[in-house]
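The values are calculated or read from the model by the stated rules, or taken from the named source; none is laboratory data. Remember, it's a predicted structure, so these values are computed and weren't measured experimentally. All Cβ positions, glycine included, derive from the backbone under ideal geometry; neighbour counts span all protein chains shown.
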């Protein structure tokens, strides 16, 4: 007997964490040192108001390197989500990859594993969704998952990693990226 597969119902914006919604502290291990980029609150609130689920997707190789405690990654993500919620901006979930850069896992960006896992858990239509981050690995993970992607090109962005090609959309910060998303529905 054939069974019809129900279409995914939600659209999402997957956001990188460090350098996208918080200042990149390079191996942030102290929850008291979180510095949120002010424009992130408005960006996420606007995305929520437009019906987008917002989910953090972050590589945290500092765990594998012994520079970051995994319990602190979880605590930092929870604190960020609570802070945004207190300001009327909802991040519904956070995924992180604790594996080393050369670990070969499917969850480490540029692989799409975290996005695929989130899409299953939250009933997300990836073709109606976006990935936003300050590295080409973020952009490429989104594209591999079937999303549209935006590269944040700011003073902290590393030079484009040539092996990933040219980003389809470049934005100066997460608020400008949110505005682009809202003006360009899929």
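Just to be sure, is residue 176 surrounded by 14 or more Cβ atoms within 10 Å (Cβ to Cβ), modelled with pLDDT of 95 or more and more than 19 Å from residue 58 (Cα to Cα)?
Values: surrounded by 14 or more Cβ atoms within 10 Å (Cβ to Cβ): yes; modelled with pLDDT of 95 or more: yes; more than 19 Å from residue 58 (Cα to Cα): yes.
Criteria met by residue 176.
Residues 43, 78: which one is over 28 Å from residue 165 (Cα atoms) and out of contact with any strand residue (DSSP E or B) (no Cβ under 6 Å at 6 or more places or on another chain)?
On the way: 43 fails: over 28 Å from residue 165 (Cα atoms).
Within the list 43, 78, the selection yields 78.
Give all pairs with beta carbons closer than 8 Å in which a residue from segment 107-119 that is over 16 Å from residue 137 (Cβ atoms) meets a residue that is modelled with pLDDT of 95 or more and surrounded by 23 or more Cβ atoms within 10 Å (Cβ to Cβ); count only pairs at least 6 apart in sequence or on separate chains.
Close Cβ pairs satisfying both conditions: 118/12; 118/14; 118/55; 118/57; 118/124; 119/12; 119/129; 119/145.
Take the residues in segment 51-91 that are more than 25 Å from residue 106 (Cβ to Cβ) and free of Cβ contacts under 8 Å to residues at least 12 places away in the same chain, then tell me which one is surrounded by the most Cβ atoms within 10 Å (Cβ to Cβ).
Top of the filtered list is 85.
When you go through (1) within 24 Å of residue 121 (Cα to Cα); (2) at pLDDT 95 or above one by one for residue 5, which number turns out not to apply?
Against the list (1) within 24 Å of residue 121 (Cα to Cα); (2) at pLDDT 95 or above, residue 5 comes up short only on (2).
Take the conditions in contact with a strand residue (DSSP E or B) (Cβ under 8 Å, 6 or more places away or on another chain) and more than 19 Å from residue 147 (Cβ to Cβ) and apply them to residue 57. Does it pass?
Numbers: in contact with a strand residue (DSSP E or B) (Cβ under 8 Å, 6 or more places away or on another chain): yes; more than 19 Å from residue 147 (Cβ to Cβ): no.
Answer is no for this residue.
So which residues in segment 30-42 are farther than 22 Å from residue 60 by Cβ and touching a residue at least 12 places away in the same chain (Cβ under 8 Å)?
Restricting attention to segment 30-42, the residues satisfying the condition of being farther than 22 Å from residue 60 by Cβ are 38-39, 41-42.
Listed by number, the residues that qualify are 39, 41, 42.
Being out of contact with any helix residue (DSSP H, G or I) (no Cβ under 6 Å at 6 or more places or on another chain) and either over 16 Å from residue 54 (Cα atoms) or in a helix (DSSP H, G or I) (or both) is the filter here; which residues of segment 128-140 pass it? Before you say what the answer is, go through the steps one by one.
Taking segment 128-140 first, the residues out of contact with any helix residue (DSSP H, G or I) (no Cβ under 6 Å at 6 or more places or on another chain) are 128-129, 133-135, 137-139.
Result: 128, 134, 135, 137, 138, 139.
List the number of the failed condition for residue 48; all other conditions in (1) surrounded by 18 or more Cβ atoms within 10 Å (Cβ to Cβ); (2) outside any helix (DSSP H, G or I) hold.
Result: residue 48 fails condition (2) only.
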